[in-house]
1. Rolling a 1.4 angstrom probe over the protein heavy atoms, how many square angstrom per residue are accessible across the stretch 49-144?
2. Place a +1 charge on the Cβ of each Lys and Arg in the stretch 3-208 and a -1 charge on the Cβ of each Asp and Glu, then give the dipole magnitude about the Cα centre in debye, rounded to the nearest 20.
3. What order, most packed first, do the peptides 180-188, 96-104 have when packing is the mean number of other Cβ atoms within 10 Å of each residue?
4. With the dipole of the stretch 891-983 worked out from charges on the C-beta (+1 for Lys and Arg, -1 for Asp and Glu) around the Cα centre, which of Gln975, Met902, Gly940 lies farthest toward the positive end?
5. Using alpha carbon centroids, what distance separates the stretch 66-87 and the stretch 235-250, in Å?
6. So what are the ³J(HN,Hα) numbers for the stretch 61-68, from phi and the Karplus equation (6.51, -1.76, 1.60; θ = phi - 60°), rounded to whole Hz, Gly and Pro as x?
7. Using a/c under 1.5 as the rounded threshold, could you call the stretch 50-150 rounded, prolate or oblate? The axes a ≥ b ≥ c are square roots of the C-alpha gyration tensor eigenvalues, and prolate needs a/b larger than b/c, oblate otherwise.
8. Given a Förster distance of 35 angstrom, what is the FRET efficiency for Arg104 paired with Asp208, based on the Cβ-Cβ distance and rounded to 0.05?
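The values are calculated or read from the model by the stated rules, or taken from the named source; none is laboratory data. As the structure is a computational prediction, the values presented were derived from the model and not from experiment. With ideal geometry, Cβ positions are generated from the backbone for all residues, glycine too; neighbour counts draw on all protein chains shown. Side chains are part of the model used for accessible areas, which takes the heavy atoms of the whole protein and leaves out ligands, DNA and RNA. Shrake-Rupley method; radii C 1.70, N 1.55, O 1.52, S 1.80 Å.
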Amino acid sequence: MDIELLVADIIKKQCSVLQLIESLQPDLTSTKIEQRAGAIGEVANVLQKLPPAHLNEQEVTTLVQFLCVKLADHFSVSSHAIFGLKALCSCVNLSNAAAEAVFRSVTTELQVQTLNQMERMAVYQIFQLLLQNKLHFLKSINHDFVFGFVRTIDAEKDPRNLLIVFELFPLVVAEFDITRFSEDMFEVIACYFPVDFKPSASGSVTRDQLVELHSRCLSSTPIFGEFMVPLLLEKLASDLRSARLESFNLLRRAAPVYPAAVLLGYGQQLLAAFRRAMFRSAVSDEERRVALTAFAEVVARIARSDCDAGDDAESGREEFFRLLLKECRPNLRELDPNVMEATGRALESAVGVADATTRRQLVTGILPDILAGLADRKDSASKCGLLDILRRLLTASLSSYSPTSVSVELKAYLSGELESICAALYGLATAAAAESATPDSERLRLACLATMGRLCSEPGLASDEQRAGFAEHLLAELGGGRSGQQRQRLPGQPIRPIVRDYARRLAATNADEAASLINKGMLPLATEHSDFGVRADCLLLLGELCDLPESISEPLLGLLMRLCLEAGSTAEAAPTIKSRLDALCLATETSMASTNGRAREFVVGIWTSQFQQFLAAFRHYEAGGDLANAAFGCVQAFARALTAGDESTSVKSAVDWTAQQATEADFRRLHCALLFNLTPETARRHSVALLPSLASRYASDGSEFALQLYASLINKCLDYGRDPSMSPVEQIVLSDVNTLVANSNSERSAAFLAWCLKALLLSGSPLFVKLAGKTLDILRQSGEDQLAVQLAARLELLLKPCEIVLCTAAKATVGPLAGQKCLCLLLQPLLDDAKQKKACLLAAISLAQTAPPELIVDYIDSLIPALMLHLRPSNSANAGLRAPILRLLETLASRQDALNAMAPRCLGDLLPRLLACLDPGADLDSRRTSARLLRRLATGGLPAAELLPHKPDVVSRLGAALNDPKRLARSDAAQARNAWFLIG
């Protein structure tokens, strides 16, 4: 029986599934197992192909009862019944009673683990469907369902089935009360931990998939905490690295879920496991990283728990952090930088999440040891490690500061210790500066400065004298060294970020002091220091600080603009000018990136007012040089500022000025900048004024840049993907084209028309069709017409990347058919006369792939004659075009509509040319493509009467091609020859 026909009849209501079962009654009641299995299999196949909404509730219930009975039959029968029940569980009209019947029959009648893999998967999919469609009802039989689920999934081993089991398990845990079966649920899923699976080469399941889903199961409920933590500790002590990594990853995921009391109960063992992974030199970087991540989650859960109220819980937390300090202290004497870094990160995690009391306990407990280590250690690398720990500790404790009594005490403690801390850091920095410049000594010096900067910028921590002393020291370092001694600068160890971060933190709490630091300290260094490197660094630093409050940033930006104008006008040394330009560009971009709206307005205002003076100052620098490029970078920054908001006046005045008054170099600078930064909305808003202005500029002096900007603005304005109502812009373009063609010389008219065509083509504008018609009229004129000659040359130039331009046109969102027709007609004269024939052919291939059926006849009529001309064997001048022409023909022949159109038009001319291309003297690509084309002609459904006259010659020539020296060519020829043999 044809299942497809039967299903179609059932869908048409010509018969029903129940009638099918009735017709199969003799087989269903047969004593032969094979007959019963075949009948149930037929019913199951039909059910699986029916739409989910086809059966009504009564039919579904009847079929469920019928198939549930069959589950008790022989395993070859019950197998088909399982798949039938799975199909019924996806039915829309499955009732609660039917769902319960399926569930109870599957869990009681089947020994699931005795089934084969596909049958077990079907059972799990039944559970999946029931949970998706009948979750509310299943909750009413909560305990029975959980017990049945545990019994069903127990001892599953196939990874394909485990993917489904692991997806279902968290859902069951989340939606059902598993308290009574918590240990059973844990044991049935924990037996897979850690996942031991090696995927086969052809397998679709990966170990990562199983590990990810399995970890979700084990971390799905707090109830599993008391069972899982001991198991994790056991696996963390394993010799298998993969087991330890999986355990840490699971601990990271489960720690926020498991009760803090459970984690505290195993606190000492957990710390021991973390010590082995984080604080040993022999541990891999990956394991240390994973352990640190898990440690942060465990500490956060313990520190911030609110469910462990009581003295015992409080004392347990205190004991945990006391043990943590005990584990960290020995590491302060370590030589391994990885261990020291891990210690710093561990303390940072603990301090960052701990409550105020614990934070004070950790900081006061470890700080004296760090200071003692800084005094005792001799090598710079170890001191850098200790400073890193100190900086992490201070950053975490100060970032977590809150105005509670204990936190106030902690801050008071740090304030009291600040003198000794700074003394130690000053001493280290001074000693490092006195040494010869090495990477370690530079790193130590900078680490000291960064740590002091973090302390001195904290409100209420350092005194005025301490901040003033640090500022003096910092400026001295920024100037190259104290006491007038210039220090050698090593790459990769900049002081500028330290000064910048300190100034920003200071400005957030004390703007006046930050302004004083900048005005009295940094500005003199930027303008008066004898070392050019110091001046350049300070200028860039000032540019980076233009995102500070306006009381600081506005004078800075104004100063940098003034410095640039002075440098350009007085022709200072080139490096000085460039450094100032770079700083101004950075300042402009930094201010525009600020969230402060006033800062953005100020940038636009100062640039608009100074723009002409700026261009005048840098106009004389040669284009392409360092100074010209730096000035152009500033202009680009100005353009981004202009286009960042509502800059109607600024954009219009800037573009008008460049279009009417500026020199070509000035225009190029702003043209490029505006081109990349104008938004479609901005372009549309100003198109009425800008487009005629640019067209007038081009008509007057032939400025190519004005022409390019005109085309670019068309692309910006005509964004049909967002806004289809752009007829005002199109009217402007059409008016400008008519004006130029009528009043300008042929060269300018042709260039303007060609650029507009390309812009309209790329933007998908229907105006392209109208202008393309005008272009065709011009091209069809006499060859003596200068406009036609110029236009043909321009079209060749602009359509040189034809495959890009024409592919875009083929996918245009507006008028694609009309656009493609015009393109076919435009492409034909280019293919005849232009030098860039190969680019035109590539474009033609693109069109052949996308052209709609309505276009294909016109397309073939337009191009085939020219293609046949270039494919002549005697035309050796065009031998390089043979391969792309054949690829185009093959592309056309792959379309049945194109093949049907080609055959009556060019079959007689095409076949001899294809046979000639089989000659071993042709390139391999051409020989293979010709053979494939010949095969397509034979198998493409063309009338045999048209092909039979050519059969003898084709078969003979293909026979000769079987001796081709290349195996691939011989294979293609053999397939083509066989196809032609079968004709007639």
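1. Working: 4130 Å² over 96 residues.
Per-residue accessible area for the stretch 49-144 comes out at 43 Å².
2. Values: 17 positive and 24 negative charges, 58 e Å.
Approximately 280 debye in magnitude.
3. On the way: 180-188: 17.3, 96-104: 18.9.
Packing proxy ranking, top to bottom: 96-104, 180-188.
4. Working it through, the farthest residue towards the positive pole turns out to be Gln975.
5. Rounded to whole Å, the Cα centres lie 43 Å apart.
6. After applying 6.51 cos²θ - 1.76 cosθ + 1.60, I find 4, 4, 5, 4, 4, 4, 6, 4 Hz.
7. Working: a/c = 1.63, a/b = 1.11, b/c = 1.46.
It comes out oblate by the Cα gyration axes.
8. Working: r = 37 Å, r/R0 = 1.05.
FRET efficiency, Arg104 to Asp208: 0.45.
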